[in-house]
Amino acid sequence: MRETPAAALAGSETVGELVTVALAALAEGVRDRGGPIPAGGPTAADAAIADLPALPVEGIGAEAAIAELSAILAAGSADPVDPWCAAHLHCPPLAVAAAADLVASVLNPSMDSWDQAPAASAIERALADDLARLAYPSADRPDALITSGGTESNLTALLLARETLGADTVVVSGDNAHHSVARAAWLLGLPKPVPVATTDDRIDLGALAATLAELRRPAVVVATAGTTNSGAIDPLTEIADLTRAAGAWLHVDAAYGGALLFSRHRALAVKGLDRADSIALDLHKLGWQPIAAGILVCRDRSLTALLDTNADYLNAVDDTEAGLPDLLGRSLRTSRRPDAFKIVVTTRALGTSGLGLLVDRCCENAAAVARAVADHPALRLWAAPSLSTVLLRPTAADDLPPEEGDELVAAVRRALLDDGAAVLGRATLRTPTGTALWLKLTLLHPHATPADYLPLLDLVAEKADRCR
């Protein structure tokens, strides 16, 4: 094939020219959208690309393609840079991290053998060592693996637990656990997790003690530091005591709340985290990284060594004996991106103290917004936030029968989405009389202020009146 400009390889000059085009188109798309999400729902999103074949026979050229589709993507995206895009643990990435991700994409190191990623492997190893020491300051030989996020971290942790404890291992988890825990058990051929009741979205210690006392097989207990529904943090120290007394493995899913380790003021909220055998962290939540930026940290490197495997073309024995680092056993994946690079660029830029300040701002914003919800005559607050998640419910929903009240809450959320006005999440939580549906604000914008959210609270109350 004759080389054309559209088929030019990535380099500083070729990519630089296209980045200029892409950024201009991105800005155009953001202006066209005019809010946190496009109005019109799925129908409008489908219509935007209806006349654009994804696999045309003839191309239109690099500049035209990047301009066309960048504008469409930006105009049709849920944009976490907008403070009112607050449904999920979907963070606005830092500019420095996004720029670093571009550098990694241009160079394209593959983290499955050293000869594809000499510098990237050294950077990843340094990050893994420092993160392991941050999570386990007193352990002799902690280790960390870079993953694609909390789901892969939880899967890998349960795999290591199974390989350590045996094939008859059972998972014990609160009903506040992330859905990936049950999926990981299924993928690994383990029994369906044994559920433990929760109170206020935290594991009930009495229920956990009773469950462990009844088991007659090896167990891995999964606790959560930062639930998806409310951001609640399980009582980690007490759970560690119960788990150790029962001879069970403890894994903590701290994909959300683990970032409190960066904060000088809030690290005590995850006290006991270092008593776990394994910990899931995730810096594309309260870490402001482009996806993906997950980490699995283990108390001892003998656990991560369980992943060791051999493929002669990637980690031949004589190569590793000669000193070439073995990357293949550092992940369940083979080809993978150098996600450690953008993380280290970010930490070099801000320091852990700088990241901690951003964590503090988000948590402070949540506390202030929660107070505003509590003071609002047409809204009800679920509880004071543990992290940066605020749950609220229109009081109009409480005036209806339970099922109709939940339908109103869901209708308010969808109306805001259809208007392109706001992206709010939803969470179903237990109440003394059953369950109730709540609207969820997950505040991950570190430069927003509480004042940015006050008009949104009024809009929620207004929508509730209109949707009745």
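Before moving on, here are some points about what is shown:
- Heavy-atom accessible surface of region 304-424: percent carbon and sulfur, 1.4 Å: 51 percent
- Distance from region 256-285 to region 126-165 (C-alpha centre basis), Å: 13 Å
- For the chain, the square roots of the Cα gyration tensor eigenvalues, ordered a ≥ b ≥ c, give a/c of at least 1.5 with a/b no greater than b/c, which places it in the oblate category.
- Of all DSSP beta bridges in region 250-309, antiparallel share, percent nearest 5: 60 percent
- Taking θ as phi - 60° and the Karplus parameters 6.51, -1.76 and 1.60, the scalar couplings of region 450-455 work out to x, 4, 5, 9, 4, x Hz in sequence order, x denoting glycine and proline.
- Charge dipole of region 371-468 (Cα centre as origin; +1 on each Lys and Arg Cβ, -1 on each Asp and Glu Cβ, all else neutral): 300 debye, rounded to the nearest 20.
- In region 30-94, the portion of solvent-accessible area held by carbon and sulfur atoms comes to 63 percent [1.4 Å probe, whole percent, DNA, RNA and ligands not counted].
- Evaluating 6.51 cos²θ - 1.76 cosθ + 1.60 at θ = phi - 60° for every residue in region 404-417, the Karplus couplings come out as 5, x, 5, 4, 5, 4, 5, 5, 4, 4, 5, 5, 5, 5 Hz, glycine and proline recorded as x.
- Applying the Karplus relation 6.51 cos²θ - 1.76 cosθ + 1.60 with θ = phi - 60° to region 57-70 yields 3J(HN,Hα) values of 5, 10, x, 10, x, 5, 5, 5, 5, 5, 5, 4, 7, 5 Hz, where x marks Gly and Pro.
- Per residue, in Å², the accessible surface of region 1-87 once ligands and nucleic acids are set aside, probe 1.4 Å: 66 Å²
- All other residues whose Cβ lies under 15 angstrom from that of Ile66 are scored, Lys and Arg at +1 and Asp and Glu at -1, for a net of -4.
- Counting only protein heavy atoms and a 1.4 Å probe, region 146-208 has 40 square angstrom of accessible area per residue.
- Taking the centroid of alpha carbons for each part, region 23-67 and region 405-468 are 28 Å apart.
- Loop-located trypsin sites (Lys or Arg not before Pro) in region 227-310 whose Cβ has at most 15 other Cβ within 10 Å (DSSP): Arg264, Lys271
- Simple rule: put +1 on each Lys or Arg Cβ and -1 on each Asp or Glu Cβ in the chain, find the dipole, and look at Ile343, Leu429, Leu155; the Cα lying farthest toward the positive end is Leu429.
- Residue-normalised accessible area of region 274-404, expressed per residue, 1.4 Å probe, Å²: 42 Å²
- Under the shape rule built on the C-alpha gyration tensor, where the axes satisfy a ≥ b ≥ c, region 1-141 is oblate, since a/c reaches at least 1.5 while a/b does not exceed b/c.
- Counting DSSP beta bridges with both ends in region 204-290, the antiparallel % (nearest 5): 10 percent
- Beta bridges per DSSP with both ends in the chain, % antiparallel, nearest 5: 65 percent
- Here the dipole of the chain is about 1080 debye; that uses its Cα centre as origin and unit charges on the Cβ of Lys and Arg (positive) and Asp and Glu (negative).
- Just the protein heavy atoms count here, and of the accessible area of region 164-209 at 1.4 Å, carbon and sulfur take up 57 percent.
The values are calculated or read from the model by the stated rules, or taken from the named source; none is laboratory data. Just so it is clear, the model here is predicted, and its values are computed rather than measured. With ideal geometry, Cβ positions are generated from the backbone for all residues, glycine too; neighbour counts draw on all protein chains shown. These area figures cover heavy atoms from the full protein model, side chains too; ligands, DNA and RNA do not enter into them. Shrake-Rupley method; radii C 1.70, N 1.55, O 1.52, S 1.80 Å.
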